[in-house]
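Below is one structure, written out as structure tokens; comments come after it.
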Amino acid sequence: MNIALQLLAYSGQALSTPVLLGILNNYQRPYDKIVELVKQGYLLQLRKGLYTSSSLISSIQPEPFLIANHLYGPSYISLDSALFYWGLIPERVFEQTSVSTKASKRFLSQGISYSFTHLPKDYYPIGIQSVQLAEGQTVLMASPEKALCDKIITTAGVNLRSKLQTQTWLLEDLRIEKEDLKNLNLKEMHTWLPNSPKRNSLSILIKTIAEF
């Protein structure tokens, strides 16, 4: 079968080396074929061992959020990227922001910047959702509530100590609308407190939003 047709079936996906080796199992030197396909422009290398088919194969390309999930894991989309996706903050984000249980890290891949910020393992798993961005493209992303909590936890210097300070940070610094904050699930957020870093800050956050 023509290699372009084989790759077409994987349009919009991130392809690891083992997956490509399966596609190229009829080639005697499949690793050399991968290098050749990159040079010919049929494959784009996202990082060592991770690729996607190019626009020469299909106009369907993986969303940056999907690439982020595969670049460094375990990880999920959070912080400013998730806050913007859920419509909580008004400014478009140009860096794809994620959190991970691994050490914090940054990548520049195909001209797009990706950041991964460390979170402790006990707190990491809560509040993660599967979100379908396009047909065949589903990503792990923080819920609106988790993205906001992650923002507080990972932002140096943010230690919320009063309702007035918290209200100012939410409405003026982040520019989140009160109506959007009222829609957050405070009961669920409260269940996260025992495993959360900056527990006092998150407790003040919940109390402040409850009074809006």
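The values are calculated or read from the model by the stated rules, or taken from the named source; none is laboratory data. These figures come from a predicted structure and were not determined experimentally. Note: ideal-geometry Cβ built from the backbone for every residue, glycine included; neighbour counts use all protein chains shown.
Looking at this structure, is Leu88 hydrophobic (A, V, I, L, M, F, W, C) and surrounded by 17 or more Cβ atoms within 10 Å (Cβ to Cβ)? Yes, satisfied. Just to be sure, is Ser162 farther than 21 Å from Ile89 by Cα and either within 22 Å of the chain's Cα centre (by Cα) or outside the structural domain of Gly87 (by TED's automatic domain parsing) (or both)? No.
For segment 46-80, a residue qualifies if it is crowded, with 16+ Cβ neighbours inside 10 Å and free of Cβ contacts under 8 Å to residues at least 24 places away in the same chain, and exactly one does: Ser54. Lys146 falls short on exactly one of the conditions (1) within 13 Å of Tyr76 (Cα to Cα); (2) free of Cβ contacts under 8 Å to residues at least 40 places away in the same chain, and that condition is (2).
Within segment 45-100, how many residues turn out to be assigned to a strand (DSSP E or B) and either touching a His at 6+ places or on another chain (Cβ under 8 Å) or not hydrophobic (A, V, I, L, M, F, W, C) (or both)? Here the count works out to 15.
For every residue, the table says whether it meets (1) outside the structural domain of Ser130 (by TED's automatic domain parsing); (2) among the charged types (D, E, K, R); (3) within 26 Å of Leu15 (Cβ to Cβ).
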position	(1), (2), (3)
Tyr72	no, no, yes
Ser75	no, no, yes
Phe84	no, no, no
Leu88	no, no, no
Gln96	no, no, yes
Val99	no, no, yes
Ala103	no, no, yes
Arg106	no, yes, yes
Gln110	no, no, yes
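Filter segment 103-124 down to the residues that are under 13 Å from Thr154 (Cβ atoms) and among the hydroxyl-bearing types (Ser, Thr, Tyr) and list them by number. Within segment 103-124, Ser104, Ser115, Thr117, Tyr123, Tyr124 qualify.
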